[in-house]
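Peer 1: Please find one structure pasted underneath; my questions will follow.
Here, each number is a calculation from the coordinates, and none is a lab measurement. Because the structure is predicted, anything quoted here is derived from the model rather than measured. All Cβ positions, even for glycine, are placed from backbone atoms using ideal geometry, and neighbour counts span all protein chains on display.
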Ligand code: PEP
Ligand code: MN
């Protein structure tokens with residue numbers, strides 16, 4: 001439930017409410033808005049304790065959060081969350097571009113890609129060092145050596161680094177090199193991983209499970225948020241449907257829907273969603289038109305020779321076309337590239 005404090009409430013009154021929440025064994029989450037303070041009360045069946053607050057001063061009303069996800073819900077935080085990724089702001093009115101190769105394959109190709117995408121306005125470099133491949137016989141990523149290359153590309157270009165972590169045991173290692181931790185589609189319901197990235201102190205890019213509902217996805221975000229980590233960015237990357245003509249089906253409904261249900265930023269990965277480079281630009285533009293806060297796009301210097309996901313990777317020229325169109329689109333929407 002949410003305890004909405006009156007705009008006249010004093011600090012000692014807010015503190016008394018917080019103390020009461022703790023005394024009954026629930027968890028307080030304070031959210032300070034421009035005109036009033038909200039105290040979220042987290043715990044199962046919190047609303048049953050409503051009466052315990054009836055004698056405290058400074059309370060305007062007590063509202064039940066009807067959604068199963070609480071900290072992630074728009075009810076809990078009416079204003080959009082902006083996630084700070086090493087100084088780059090993800091969320092709000094800006095549109096952020098995260099780009100890079102599906103896998104870090106080597107130093108030279110990574111640097112070449114990083115320099116190119118940085119020059120065209122990307123702010124985050126995305127490349128996988130630990131790859132969740134469907135087949136155990138395909139390229140699995142360079143591991144820590146790949147993380148070092150990402151960190152080097154950051155110091156050369158200023159791009160912030162986002163990269164996937166697959167197991168709880170690797171969180172500390174990946175967090176040492178990355179500005180943001182990606183949880184992939186296959187791990188969206190790996191709850192011990194979600195808790196560990198929640199404790200890492202790093203912002204998290206949480207991809208939607210390919211067969212997960214929006215509610216399950218927001219509950220996955222809740223696992224991260226409930227560890228005290230407020231830096232969650234959601235990423236829609238396509239879901240499984242009956243349609244085999246594209247790799248997945250991009251659920252663009254999710255963009256405005258999630259923006260209604262939650263205050264968390266949402267970005268779109270049109271590369272995984274379509275599986276085909278020729279569909280990436282149109283779907284990227286459609287995503288931003290629908291209100292996405294950013295894009296995650298696969299870019300490779302020579303897609304034909306990529307060790308993973310070459311078919312859906314843009315070459316440099318394709319990326320340039322996308323960025324040129326995106327510039328015009330954000331202008332038309334009175335938004336800005338961050
Ligand atoms: C990727 O981003 O390269 C990737 C493996 O993503 P997903 O988890 O969405 O398949
Ligand atoms: Mn990929």
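Peer 1: Sort region 1-73 into rounded, prolate or oblate with this rule: let a ≥ b ≥ c be the square roots of the eigenvalues of the Cα gyration tensor; rounded if a/c is under 1.5, and if a/c is not under 1.5, prolate when a/b is larger than b/c, oblate otherwise.
Peer 2: Values: a/c = 1.72, a/b = 1.25, b/c = 1.38.
Oblate.
Peer 1: May I pose another question? Label points 7 Å out from Cα along the Cβ direction at residue 6 and residue 148: separation in nm?
Peer 2: Using points 7 Å along Cα→Cβ, the separation is 6.3 nm.
Peer 1: Also, I was wondering about something else. In Å and on Cα atoms, what radius of gyration and Dmax does region 205-338 show?
Peer 2: When restricted to the Cα atoms of region 205-338, Rg and Dmax are 15.1, 43 Å.
Peer 1: To continue, here is another question. Which shape class, rounded, prolate or oblate, goes with region 232-296 when its Cα gyration tensor gives a ≥ b ≥ c as root eigenvalues, a/c under 1.5 marks rounded, and past that a/b bigger than b/c marks prolate?
Peer 2: Prolate.
Peer 1: If you count, for each residue, the other Cβ atoms within 10 Å and average over each peptide, how do 56-68, 145-157 line up from highest to lowest?
Peer 2: 145-157, 56-68
Peer 1: Decide, for region 135-180, between rounded, prolate and oblate: order the square roots of the alpha carbon gyration tensor eigenvalues as a ≥ b ≥ c, take rounded if a/c falls under 1.5, and otherwise choose prolate if a/b is larger than b/c, else oblate. Can you show the working numbers first?
Peer 2: Numbers: a/c = 2.49, a/b = 1.50, b/c = 1.66.
Note, shape of region 135-180 comes out oblate.
Peer 1: Moving to a separate point now. Once you have all Cα-Cα distances for region 43-187, histogram them in 5 Å bins from zero and send the whole-percent values.
Peer 2: So the P(r) values, bin by bin, are 2, 9, 15, 15, 14, 11, 8, 8, 7, 5, 4, 2, 1, 0.
Peer 1: Regarding the chain, what's the average projected area of the Cα-atom convex hull, expressed in nm²? Display every interim value, and only then the final one.
Peer 2: Values: hull surface 70.1 nm².
The Cα convex hull of the chain, projected and averaged over all directions, gives 17.5 nm².
Peer 1: Also, I was wondering about something else. Summing -39500 (n - 2.57) over the DSSP H runs of n ≥ 4 in the chain and dividing by its residue number, what mean residue ellipticity at 222 nm do you reach, to the nearest 500 deg cm²/dmol?
Peer 2: Details: 10 runs with 111 residues, N = 338.
Calculated at 222 nm, the ellipticity per residue is -10000 deg cm²/dmol.
Peer 1: Additional query: For helix 144-157, report the angle its Cα long axis makes with the longest principal axis of the Cα atoms of the chain; keep it between 0 and 90° and round to the nearest 10°.
Peer 2: Once rounded, the angle reads 90 degrees.
Peer 1: Continuing with this model, one more query. Provide the descending list of Cα extents for region 208-267 along its principal axes, expressed in whole angstroms.
Peer 2: 41, 19, 15
Peer 1: Given labels modelled 7 Å from the Cα in the Cβ direction, how far is it in nm from residue 50 to residue 89?
Peer 2: About 3.7 nm, to one decimal.
Peer 1: Once you have the Kirkwood Rh of region 84-135 from its Cα pairs, apply Stokes-Einstein at 25 °C and 0.890 mPa s and quote D in µm²/s.
Peer 2: On the way: Rh = 12.3 Å.
Stokes-Einstein gives a translational diffusion coefficient of 200 µm²/s.
Peer 1: Regarding region 161-277, what is the average projected area of its C-alpha convex hull, in nm²?
Peer 2: Working: hull surface 28.0 nm².
For region 161-277, averaging the hull's shadow over all directions gives 7.0 nm².
Peer 1: By DSSP, what percent of the beta bridges with both residues in region 148-263 are antiparallel, rounded to the nearest 5? It would help to have the intermediate numbers written out before the result.
Peer 2: Values: 1 of 11 bridges.
About 10 percent, rounded to the nearest 5.
Peer 1: Then there is this: Show me the three semi-axes of the equivalent ellipsoid for region 145-222, from the C-alpha gyration tensor (sqrt of 5 times each eigenvalue), largest first, rounded to whole Å.
Peer 2: Working: eigenvalues 116, 31, 20 Å².
After scaling each eigenvalue by five and taking roots: 24, 12, 10 Å.
Peer 1: Counting only DSSP beta bridges with both residues in the chain, what percent are antiparallel, rounded to the nearest 5? Present the calculation step by step, with values, prior to reporting the outcome.
Peer 2: Values: 18 of 47 bridges.
The antiparallel proportion sits near 40 percent.
Peer 1: Rounded to whole Å, give me the distance from the Cα center of region 228-292 to that of region 36-98.
Peer 2: About 24 Å separates the Cα centre of region 228-292 from the one of region 36-98.
Peer 1: Using only Cα atoms, find the angle between the long axis of helix 277-289 and the longest principal axis of the chain, and express it within 0 to 90 degrees, rounded to the nearest 10.
Peer 2: Rounded to the nearest ten degrees, it is 30.
Peer 1: Something else: If you fit an axis through the alpha-carbon atoms of helix 11-23 and take the longest principal axis of the Cα set of the chain, what angle between them do you get, 0 to 90°, nearest 10?
Peer 2: 80 degrees
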